[in-house]
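Novice: Quick one: the structure is below, questions incoming.
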Amino acid sequence: MTWRRGVVIKSERELELMREAGRINARALAAAVSVVRPGVTTAEIDAAATEVLGKHGAQSAFLGYPGPYPFPAATTVSVNDELVHGIPSGRRLKEGDIVSVDCGSVVEGFVADSALTVGVGEISLEAQRLIDVTQQALFACIAKMLVGNRTGDLSAAIQGYVEQHGYNVVREYTSHGVGRNMHEDPQVPNYGQAGKGMPLRVGMTIALEPMVLSGGPETRILEDQWTVASRDGQLTAHFEHSVAVTPNAPWVLTTLDDGLDEGILFRYNQYFAGQVYPVI
Ligand code: MG
Ligand code: MG
C-alpha cells in the first residue's frame with residue numbers, strides 16, 4: 001500500500017473539489033446498492049458503481065491500486081464475514097447476506113472515499129443490529145471532527161460505541177487522511193484514547209471508517225490476497241465517509257444529503273434520538 005506522509009491541509013477550493021468527488025462517489029454507491037438483491041453477482045454491483053463514475057467523468061481511486069497485485073475493480077464488495085477489500089466476482093448474493101461496498105472517486109486529482117453495508121433481502125435482526133451499530137459508530141466519530149479535538153477522540157468514539165454494543169473493532173486497518181492521495185496522514189486507528197494524538201485543524205480531511213466484527217477482532221487474508229475476512233467466520237460490517245474539519249462543524253464530503261453540507265451537527269442528533277452526544 002502506498003501512503004503519503006505528512007498531513008495536507010486543504011484550501012476551500014480543494015475542499016469544493018473533494019465535495020464534488022464525494023457527491024459522485026455517493027451516487028456510485030447509491031447505484032451499487034440499488035442493484036443489491038438475491039441472485040445478483042458482486043461484479044454486477046461493481047458494474048453499477050463503475051457506470052456512474054464514467055458518466056460523471058470521474059476516475060476510480062481503486063482500479064489499479066497497488067497491493068499484492070493491482071486492484072482489479074472500481075469498488076470492493078465484501079460479503080458477510082468479509083470485512084473489506086473483497087474483489088467483485090461472479091459470486092451470487094443470497095437472501096440474508098450482508099454486503100459492504102466501498103468506492104473511491106477522483107475528480108481533478110482529488111479523492112473521495114466512502115463505503116456502506118446493506119442487507120440482501122430479509123436479514124436477521126442480529127445482522128441488522130451489526131449494520132446499525134457500525135453506521136452509528138461512524139456518526140459518533142464524525143461528530144468529533146471538530147477543531148480542538150484530537151485524532152484520539154475519533155478513535156475513542158468508534159471504539160467506545162462499538163464495544164459498548166458488544167462488538168469488536170478491527171486492529172490492522174485504519175481510518176486515514178484523504179486528498180490528492182487515497183491514503184494520507186493522519187492514520188487514525190479504530191481504537192484509541194480520547195485526548196491523545198494529533199490536534200484536528202481546519203482543512204484536514206479524513207476518511208473515517210469503522211470496521212466492525214461481531215465476533216473476535218482477528219482477521220485473515222483470503223487466497224485472492226486482497227480480501228480481508230474475520231478469522232472466526234462471524235459477520236462484519238463497514239461504513240465510511242470522507243469528512244473535512246471546518247471552522248464550525250464537520251463537513252461530510254461523501255453524502256448525497258446536501259443538508260449535511262456545512263456540517264450541520266443537529267442532523268446527527270436525529271440519528272441519536274435518545275442518546276446524548278455533546279454538541280460543541
Ligand atoms: Mg474506502
Ligand atoms: Mg478508506
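Novice: Name the single residue, out of those in region 177-186 being within 11 Å of ligand 2 (Cβ to nearest atom) and outside any loop (DSSP other than H, G, I, E, B), that is nearest to GLY152 (Cα to Cα).
Specialist: Only one residue tops the list, namely GLY177.
Novice: Within region 240-251, can you find the residues that are within 16 Å of ligand 1 (Cβ to nearest atom) and either more than 16 Å from MET182 (Cα to Cα) or hydroxyl-bearing (Ser, Thr, Tyr) (or both)?
Specialist: Within region 240-251, SER242 is the sole residue that qualifies.
Novice: Let me ask something else. Of all residues in region 88-100, which are assigned to a strand (DSSP E or B) and more than 16 Å from ligand 1 (Cβ to nearest atom)? Can you show your working first?
Specialist: Of all residues in region 88-100, those assigned to a strand (DSSP E or B) come to 92, 98-100.
The answer is ARG92, ILE98.
Novice: What are the pairs with Cβ atoms under 6 angstrom where one residue, in region 150-166, is part of a strand (DSSP E or B) and the other, located anywhere, is surrounded by fewer than 24 Cβ atoms within 10 Å (Cβ to Cβ)? Sequence gap at least six, or different chains.
Specialist: ARG150/GLY197; ARG150/PRO199
Novice: Tally up the residues in region 187-208 that are within 16 Å of ligand 1 (Cβ to nearest atom) and more than 14 Å from VAL111 (Cβ to Cβ), please. Please lay out each step first, then the result.
Specialist: Taking region 187-208 first, the residues within 16 Å of ligand 1 (Cβ to nearest atom) are 187-190, 205-208.
The next check asks that each one be more than 14 Å from VAL111 (Cβ to Cβ); those that pass are 187-190, 208.
Within region 187-208, residues that are within 16 Å of ligand 1 (Cβ to nearest atom) and more than 14 Å from VAL111 (Cβ to Cβ) number 5.
Novice: Can I ask one more? Condition (residue is among the charged types (D, E, K, R), within 16 Å of ligand 2 (Cβ to nearest atom), in contact with a Gly (Cβ under 9 Å, 6 or more places away or on another chain) and on the phi < 0 side of the Ramachandran plot) applied to region 110-122: is it met by at least one residue?
Specialist: Yes, because at least one residue in region 110-122 is among the charged types (D, E, K, R), within 16 Å of ligand 2 (Cβ to nearest atom), in contact with a Gly (Cβ under 9 Å, 6 or more places away or on another chain) and on the phi < 0 side of the Ramachandran plot.
Every residue, every condition in (1) within 16 Å of LEU256 (Cβ to Cβ); (2) among the acidic types (Asp, Glu); (3) more than 13 Å from ligand 1 (Cβ to nearest atom); (4) under 19 Å from the mean Cα position of the chain (by Cα), yes or no:
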residue: ASN25; (1), (2), (3), (4): yes, no, no, yes
residue: ALA58; (1), (2), (3), (4): yes, no, yes, yes
residue: ASP102; (1), (2), (3), (4): no, yes, no, yes
residue: ASP113; (1), (2), (3), (4): yes, yes, no, yes
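Novice: While we're on this one: Is it the case that ILE45 is touching a residue at least 12 places away in the same chain (Cβ under 8 Å) and touching a helix residue (DSSP H, G or I) at 6+ places or on another chain (Cβ under 6 Å)? Break it down stepwise before answering.
Specialist: On the way: touching a residue at least 12 places away in the same chain (Cβ under 8 Å): yes; touching a helix residue (DSSP H, G or I) at 6+ places or on another chain (Cβ under 6 Å): yes.
Yes: the conditions hold for ILE45.
Novice: So, one more: Would you tally the residues in region 211-255 being of a type outside the set (S, T, N, Q) and in a loop (DSSP other than H, G, I, E, B)?
Specialist: Keep residues of region 211-255 that are of a type outside the set (S, T, N, Q), which gives 211-213, 215-218, 220-224, 226, 228-229, 231-233, 235, 237-241, 243-245, 247, 249-253.
Remaining after also requiring in a loop (DSSP other than H, G, I, E, B): 215-218, 222-224, 226, 231-233, 235, 239, 247, 249, 253.
The total comes to 16.
Novice: Kindly evaluate MET198 against the criterion of being in contact with a strand residue (DSSP E or B) (Cβ under 6 Å, 6 or more places away or on another chain), of a type outside the set (Asp, Glu) and surrounded by fewer than 20 Cβ atoms within 10 Å (Cβ to Cβ). Please lay out each step first, then the result.
Specialist: Working: in contact with a strand residue (DSSP E or B) (Cβ under 6 Å, 6 or more places away or on another chain): yes; of a type outside the set (Asp, Glu): yes; surrounded by fewer than 20 Cβ atoms within 10 Å (Cβ to Cβ): yes.
Here the answer is yes, as MET198 does meet what is asked.
Novice: Out of ALA73, ALA43, ALA21, report the one residue that is outside any helix (DSSP H, G or I) and either farther than 20 Å from SER100 by Cβ or not acidic (Asp, Glu) (or both). Break it down stepwise before answering.
Specialist: Values: ALA43 fails: outside any helix (DSSP H, G or I); ALA21 fails: outside any helix (DSSP H, G or I).
Answer to the check: ALA73.
Novice: Of these, PRO68, PRO72, which one is away from ligand 2 (no atom under 16 Å from the Cβ) and free of Cβ contacts under 8 Å to residues at least 60 places away in the same chain?
Specialist: Numbers: PRO68 fails: free of Cβ contacts under 8 Å to residues at least 60 places away in the same chain.
Criteria check complete, one pass: PRO72.
Novice: For the subset of region 170-185 comprising residues that are buried (at least 18 other Cβ atoms within 10 Å of the Cβ) and either away from ligand 1 (no atom under 16 Å from the Cβ) or of a type in the set (D, E, K, R) (or both), which member is nearest to THR255 (Cα to Cα)?
Specialist: The selected residue is GLU184.
Novice: Mind checking which residues of region 18-50 are buried (at least 22 other Cβ atoms within 10 Å of the Cβ) and more than 26 Å from VAL243 (Cα to Cα)?
Specialist: Of everything in region 18-50, just one residue is buried (at least 22 other Cβ atoms within 10 Å of the Cβ) and more than 26 Å from VAL243 (Cα to Cα), namely THR42.
Novice: What residue, among those in region 210-268 that are on the phi > 0 side of the Ramachandran plot and modelled with pLDDT under 95, is farthest from ligand 2 (Cβ to nearest atom)?
Specialist: Filtering region 210-268 down to residues on the phi > 0 side of the Ramachandran plot leaves 225, 233, 262-263.
Now narrow it down to the ones that are modelled with pLDDT under 95: 262-263.
On the way: GLU262: 23, GLY263: 19 Å.
Residue satisfying both the conditions and the ranking: GLU262.
The values are calculated or read from the model by the stated rules, or taken from the named source; none is laboratory data. Since the structure is predicted, the reported quantities are computational estimates derived from the model, not experimental observations. For neighbour counting, all protein chains shown are included, and Cβ atoms are generated from backbone atoms with ideal geometry for every residue, glycine included.
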